[in-house]
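Take a look at the structure set out below.
The values are calculated or read from the model by the stated rules, or taken from the named source; none is laboratory data. Bear in mind the structure is a predicted one, so any value in this text is a computation, not a measurement. Glycine gets a Cβ as well: all are built from the backbone with ideal geometry, and neighbour counts include every protein chain shown. Only protein heavy atoms, including side chains, enter the accessible area calculation; ligands, DNA and RNA are left aside. Shrake-Rupley method; radii C 1.70, N 1.55, O 1.52, S 1.80 Å.
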Amino acid sequence: NEPLEGLDLFAFNSAVGILHNCARNPNVDKSLFRNVNTIEVLTKYLQSSLVYVKMVTVLVLGNLVTENEVSKLATDNSVIDFLHQATIKAADHKDRKEGGFSLCELIEGLASMARSDENKTLIFEKQDIIALVTKMLTAKDTSDFETLACVKLLWELAFRDSIKKKIKANKVLVEIIKQLQDSKNAEVKNAARSAFFVLVGKDQRLDASVRETPGQSQKPPVPGVLAAAIKPSGKHIMISYCWNDKETVLKINHELVQRGFKIWIDVQEMNKYQNVLEGMARAVEEASIVLICYSEHYQNSRNCRTEAEYVYAKDKPFIPLKMQRGYMAEGWLGILVGVKLYIEFSPHYPFETKLEELSSRISKELGKEPTPQENVPVIKPTTKKTFKMWKNEDLQAWLKAHNMEGSSFKKVRALSGANLHYLHHVMSRAPETFYRWLETQLGLKTLDEFRTFEDALKEPLQ
């Protein structure tokens, strides 16, 4: 809370640098920071004349504020102009950095600002940004991280219909996105497929989601598996949710199945499809009703918005389930949910009470009582172990399985499950920081040690 003129740069860089890494993590509950007035404290630093101070403040706030607040942030402080200029400068530098931040981070910053539909227009109107994105997506020296950031920005911008039409009119850009659907990088491929799904007309969407990889023929359906996936039999209740709310959603799914409802949920059904978008599109189209389990994480997820807007495009009836106490849907989600009566499944209310309310509501919407389903596999409300859930024996088994019991991995053996979880996030989102930490914090020195730890981090014990 120090005045700008007396700013201790070391303290500021340390504190806000940590905030920056936390804010970029999509799994972090951003309301925790808002509840302790982080936004109010940081906002004044937007007036700093120091590029790094203003830059890190912009990037942190862009990820912490709500969708409505990000519109006000951009309007009041000319943040988009600042980010735009920094991005253009970074693209011209040999190290592709400006103010200490990589081009990838700056493009991600623009994408976070684009969460607001009003800001989408402000960003898209910067024509050199679209030219830069096009140039980067065709350049041979563009990294996968930069490509992914560009595709996600286009995906975000395409949610606004007026912008979607203009992107579709750019034949070069559309062709690039088509080609990236066959990228060898899984994240780039999935993001490109999702961006293309949002861009094309709704009557073409399903065809777009089942594209064949060049040089590969479609495998014949396996009786009872892929055949059922291509032409699902009967109607079902689809559950649309964000993985951050998975624990409660799985309990809801389990109880509804026990009551005789036929449920479609991705963890049970998605393995029947060769393409995630195919599975989602088929699930929506064959649904008699959709349960939209919404929260702030749901609203901020491009995947969830893609799914929810397809539910709306197909005019499917849905029941909103509020998963987060005190959260109010705003922006695109607020428009979608509208004045519909929601059922809250936060810990504030007894789960069984809300479940009975939901069961009754579904039966009323369907116009009939549930009928018992034979041979319906039940997903129990249990989840696989993640790093965060590990006990010491899990860590020891993981170390042994990946040959990390030698003296070189002494500091790795001292890590907690929570720290491993955070390192896993940093590995994909801030690779430069990740590798620097391996050397300076974990004492890894050789290429073999780096490779061993990275491979192990990608395959946690289940």
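Numerical summary
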| item | result |
| --- | --- |
| Within the stretch 42-66, tally of residues that are open to solvent by 20 Å² or more (accessible area, probe 1.4 Å), under 25 Å from Q324 (Cα atoms) and of a type outside the set (S, T, Y) | 1 |
| Given (1) touching a helix residue (DSSP H, G or I) at 6+ places or on another chain (Cβ under 8 Å); (2) at pLDDT 90 or above, index of the condition E175 fails | (1) |
| The stretch 8-33, subset among the charged types (D, E, K, R) and open to solvent by 50 Å² or more (accessible area, probe 1.4 Å), residue farthest from S112 (Cα to Cα) | D8 |
| In the stretch 396-411, the residues that are touching an Asp or Glu at 6+ places or on another chain (Cβ under 9 Å) and within 13 Å of L438 (Cα to Cα) | S408, F409 |
| Of the criteria (1) under 29 Å from V188 (Cα atoms); (2) free of Cβ contacts under 8 Å to residues at least 12 places away in the same chain, which one V284 fails | (2) |
| Hits in the stretch 153-166 (condition: closer than 19 Å to L333 by Cα, part of a helix (DSSP H, G or I) and open to solvent by 20 Å² or more (accessible area, probe 1.4 Å)) | D161, S162, K164 |
| When residues of the stretch 335-349 are limited to those that are out of contact with any helix residue (DSSP H, G or I) (no Cβ under 7 Å at 6 or more places or on another chain) and assigned to a helix (DSSP H, G or I), the one surrounded by the most Cβ atoms within 10 Å (Cβ to Cβ) | V337 |
| The stretch 261-284, residues that are at pLDDT 90 or above and surrounded by fewer than 20 Cβ atoms within 10 Å (Cβ to Cβ) | K262 |
| Any hit, the stretch 52-62, residues being assigned to a helix (DSSP H, G or I) and within 16 Å of the chain's Cα centre (by Cα) | yes |
| Residue check for E2: among the acidic types (D, E) and modelled with pLDDT of 85 or more | no |
| Pairs with Cβ under 6 Å, 6+ apart, first in the stretch 391-404 and closer than 19 Å to R451 by Cα, second assigned to a helix (DSSP H, G or I) and open to solvent by less than 10 Å² (accessible area, probe 1.4 Å) | H402/A456; M404/V412 |
